[in-house]
Amino acid sequence: MGPLHRAETADRFIEVDYEDLTRAPEPVIRRIIAACGLAWHDACVRPECNMRAVNTPSKWQARQPIYRTSVARWRRYEPWLGSLRALVDDGPELDAGMARS
């Protein structure tokens, strides 16, 4: 999102960086919970411990701990991005020890 769009929607949207979420989930999830006006519960960072019914095709994924295996996965498609490549931030997803795909 550009600066103008961020300013116009600041009261309705919260921008979440996937790499930040997977690297240090609690502060990011606390920000999301606060933006929604909800109370904090430690279970928010342990979705795999929630035994409530999940009725979606992604129910297996909903039972997994927060994981980092998708970080930088977009790089698999980099050769086909062309001019869109300029929109992708070369930020913290290039953690030490993480190989480029």
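The values are calculated or read from the model by the stated rules, or taken from the named source; none is laboratory data. As the structure is a prediction and not an experimental result, all values here were calculated from the model. Here Cβ is always computed from backbone atoms with ideal geometry, including for glycine, and neighbour counts include all displayed protein chains.
Pairs under 8 Å by beta carbon, first residue more than 17 Å from V16 (Cα to Cα) in segment 62-79, partner in a helix (DSSP H, G or I), six or more apart or different chains?
So the pair list comes out as A62/P47; R63/P47; R63/E48; Q64/P47; Q64/E48; P65/P47; P65/E48; E78/R85.
Check segment 40-55 and report whether any residue there is of a type in the set (F, W, Y) and either at pLDDT 90 or above or assigned to a loop (DSSP other than H, G, I, E, B) (or both).
For segment 40-55, residues of a type in the set (F, W, Y) and either at pLDDT 90 or above or assigned to a loop (DSSP other than H, G, I, E, B) (or both): present.
Which one of these is acidic (D, E) and touching a residue at least 40 places away in the same chain (Cβ under 8 Å): D20, D11, D42?
It is D20.
Suppose we filter segment 28-46 for residues that are over 17 Å from P65 (Cβ atoms) and not β-branched (V, I, T); how many remain?
9
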